[in-house]
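Written below as structure tokens is the structure these notes are about.
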Amino acid sequence: MGKKQARRETIGFLGRLRRDMRGNTLAFMAALLIPLVALSGSAVDVARLYAVKTRLQQACDAGVLAGRKTMSDAGDLDTSDTGAAQSFFKNNFQNGWFKTNSVSFTPTKTSENQVSGTATATVPMAIMGMFGMAARTISVTCEARYDVADADIVFVLDTTGSMACLTSDSISTCDSYAINNVHQDANGYYTTEKANSRIAGLRSAVSGFYTTLTSQADPTTHFRFGFVPYSATVNVGHLLPNSYLATTWNYQSRWHQAGAADSVSTSTGSATSMTQAACDALAVNPVGYDATDTKVVKTPSYNNATGKCTVTMTTYHMTFRYGQALNVDVSAYTQFQAVDNPAQPNGPKSTWLGCVEERNPGGAVVANPSASNPPPDLDVDTVPSGATSQWGPLWPEIEYWRSSSGTEDSAAVRTPLTRSGGETAGSYHEVPCPKQAQRLATMSASDITDYLSASNGFRPYGVTYHDYGMTWGTRLLSPNGIFKNDTAAWSGHNPPNRYIVFLTDGAMQTDVLAYTSHGMEQFDKRAAGNTPANLTTNHNNRFTTACTIAKNHNITIFVIAYAQTMTTELQNCASPGQAYYASNTAALNTAFSAIAKQVAMLRISK
């Protein structure tokens with residue numbers, strides 16, 4: 001073979017080899033293997049870093065939450081608190097997880113008395129370490145605000161006469177019992193309770209509520225309790241500064257007619273065989289009138305010849321006019337002093353029990369009041385600054401029923417607002433004054449038991465005006481109103497949650513003849529105007545408005561209809577899902593327990 005031929009064959013082989021691609025894949029794969037390993041390794045290590053950071057963040061959050069939870073309200077983060085924080089951190093992130101090392105967690109107190117923390121961990125590179133990449137240090141920060149669900153709770157409780165009955169009593173049976181079992185003592189009127197009465201079940205259920213609430217809640221939770229017993233009035237006089245009370249007030253009453261002749265009647269009697277001295281001793285000429293505004297003068301006349309003594313008895317009755325007494329001075333009465341009653345100038349003194357008439361008594365009737373612009377009697381925030389925004393004292397002894405609905409009369413039928421037990425419904429007019437309301441305060445179980453005891457005045461009597469109870473319950477809770485200082489947040493805590501627990505055993509029950517926080521409707525016409533038939537409807541409208549006002553103040557309303565009917569107004573008053581019907585005491589305890597568990601729930605935010 002010549003040299004030229006050999007050269008041609010060599011060139012042909014190289015050309016074929018250059019054109020043949022069949023062996024190149026292996027070469028390419030060998031060349032790309034290193035960058036492919038680096039790329040996949042970086043993905044693996046990045047995923048590991050992300051997983052470590054996520055878990056480290058969770059552990060950091062758990063640690064600072066534990067530290068804040070155990071930290072005292074004074075804001076001292078001591079060794080016990082940091083120990084709890086470290087323990088929770090380690091339970092959530094173990095040293096060596098994903099081959100981490102140099103794991104650390106440091107909790108510290110913030111300027112706002114909360115807990116922050118920094119957690120770090122060193123993560124070696126699983127794949128990229130082969131390419132010389134150093135281990136990476138992951139660092140996260142965390143902060144916990146531990147806000148226990150502090151709560152202000154006001155119990156608005158129906159203490160009307162029907163609460164003296166059994167849960168099994170019908171409405172008619174209960175009404176008859178409540179009317180015919182009324183008594184009076186120094187603290188006012190009350191209906192005698194039956195054994196195992198509704199109000200006895202209420203006392204037990206509220207005590208159970210307290211036990212459930214305090215046992216379910218976090219130990220650092222704060223609770224304040226308030227009470228508004230209500231019927232046709234509320235007793236809040238002791239709660240109000242004197243500047244919030246009027247110095248003069250108008251009453252449906254009576255007054256002595258100065259200069260008018262008293263009514264006079266005479267009669268005579270005689271006796272024989274008397275001496276002159278014995279006859280003369282029968283003379284009576286009192287200086288003033290007695291407690292019934294009566295004066296009896298006895299004038300004896302003696303006949304010496306016959307020994308006969310004749311006594312002429314002249315009876316004088318003070319003359320009164322009956323109507324609206326204007327601008328009666330109540331400045332001493334509202335100081336809880338015993339004062340003269342101008343309607344009974346010769347009778348016993350009067351001392352205020354503390355029930356009030358609502359403010360702005362001369363205002364126009366508002367049949368459908370607005371929650372956004374309520375009239376003064378539904379306004380829960382405005383601080384009194386004048387006569388139309390002050391409250392007046394309920395003064396039963398000065399109020400008189402009269403025989404006509406005119407502005408003034410002197411007819412024979414004139415009845416003071418007093419009564420005794422055993423009378424029929426048509427022969428008296430309600431004069432209720434429930435137990436004094438309780439402002440928000442920390443209370444023990446025994447404090448609550450004492451407050452609800454019959455011996456301390458928590459007793460049933462009167463008719464049912466839901467709007468008074470709801471309005472005053474909101475007044476006690478409002479963070480913007482006259483008792484706003486009572487609702488302040490505890491140090492280091494957010495503002496408390498606010499709740500009204502509203503319990504009643506019946507629908508709205510009004511009476512134009514009852515003396516209520518709107519006066520005596522038959523004559524004062526403050527709620528129904530000239531249409532007495534609208535009285536219940538108007539008060540239901542006011543109740544609905546009062547419920548809306550409470551909700552607008554971020555108050556959660558729990559409503560319990562006890563023994564009788566859950567009305568539409570009660571159902572709508574409750575916050576969503578918070579209306580309960582309890583047909584008996586066992587169901588009442590269940591309802592209170594369920595409510596207590598809701599209130600006791602903790603709220604933790606980060």
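The values are calculated or read from the model by the stated rules, or taken from the named source; none is laboratory data. What you are looking at is a predicted structure, and each value in this text was computed from that prediction instead of being measured. Here Cβ is always computed from backbone atoms with ideal geometry, including for glycine, and neighbour counts include all displayed protein chains. Note: accessible area is taken over every heavy atom of the protein model, side chains too, but ligands, DNA and RNA are not part of it. Shrake-Rupley method; radii C 1.70, N 1.55, O 1.52, S 1.80 Å.
Quick rundown of the values:
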{"read-out": "Residue ID - farthest from Pro229 (Cα to Cα), chosen from residues in the stretch 483-511 that are among the small types (Gly, Ala, Ser), modelled with pLDDT under 90 and out of contact with any strand residue (DSSP E or B) (no Cβ under 9 Å at 6 or more places or on another chain)", "value": "Gly492"}
{"read-out": "Which listed residue is in contact with a Phe, Trp or Tyr (Cβ under 9 Å, 6 or more places away or on another chain), open to solvent by 80 Å² or more (accessible area, probe 1.4 Å), of a type in the set (Val, Ile, Thr) and part of a strand (DSSP E or B), from Val264, Val328, Val296, Val228", "value": "Val264"}
{"read-out": "The stretch 209-220, residues that are in contact with a Leu (Cβ under 9 Å, 6 or more places away or on another chain) and either at pLDDT 95 or above or crowded, with 21+ Cβ neighbours inside 10 Å (or both)", "value": "Ala217"}
{"read-out": "Top-ranked residue of the stretch 505-554 - restricted to ones that are crowded, with 22+ Cβ neighbours inside 10 Å and under 14 Å from the mean Cα position of the chain (by Cα), ranked as farthest from Val366 (Cα to Cα)", "value": "Ala550"}
{"read-out": "Test: residue in the stretch 271-292 that is of a type in the set (Ser, Thr, Tyr), at pLDDT 95 or above and surrounded by 15 or more Cβ atoms within 10 Å (Cβ to Cβ)", "value": "no"}
{"read-out": "Candidate set from the stretch 84-95 (those that are open to solvent by 40 Å² or more (accessible area, probe 1.4 Å) and out of contact with any Cys (no Cβ under 9 Å at 6 or more places or on another chain)); member that is nearest to Ala149 (Cα to Cα)", "value": "Phe88"}
{"read-out": "Search result, residues across the stretch 192-201 that are of a type in the set (Val, Ile, Thr) and within 25 Å of the chain's Cα centre (by Cα)", "value": "Ile199"}
{"read-out": "Test: residue in the stretch 512-521 that is assigned to a helix (DSSP H, G or I) and at pLDDT below 95", "value": "yes"}
{"read-out": "Whichever residue in the stretch 564-586 is in contact with a strand residue (DSSP E or B) (Cβ under 7 Å, 6 or more places away or on another chain) and over 30 Å from Ala195 (Cβ atoms) and, among such residues, is surrounded by the fewest Cβ atoms within 10 Å (Cβ to Cβ)", "value": "Gln571"}
{"read-out": "Counted residues, the stretch 378-414 - those being within 19 Å of Gly362 (Cβ to Cβ), assigned to a strand (DSSP E or B) and at pLDDT below 85", "value": "1"}
{"read-out": "Tyr210 vs. criteria over 24 Å from Met508 (Cβ atoms) and of a type in the set (Phe, Trp, Tyr)", "value": "yes"}
{"read-out": "Subset of the stretch 455-479 [at pLDDT below 95 and among the aliphatic types (A, V, I, L, M)]", "value": "Val463"}
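Residue-by-condition table, conditions (1) buried (at least 17 other Cβ atoms within 10 Å of the Cβ); (2) at pLDDT below 95; (3) under 28 Å from the mean Cα position of the chain (by Cα):
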{"residue": "Ala126", "(1), (2), (3)": "no, yes, no"}
{"residue": "Gly129", "(1), (2), (3)": "no, yes, no"}
{"residue": "Gly132", "(1), (2), (3)": "no, yes, no"}
{"residue": "Ala135", "(1), (2), (3)": "no, yes, no"}
{"residue": "Ile138", "(1), (2), (3)": "yes, yes, no"}
{"residue": "Asp147", "(1), (2), (3)": "yes, yes, yes"}
{"residue": "Leu157", "(1), (2), (3)": "yes, no, yes"}
{"residue": "Gly161", "(1), (2), (3)": "yes, yes, yes"}
{"residue": "Ser170", "(1), (2), (3)": "no, yes, no"}
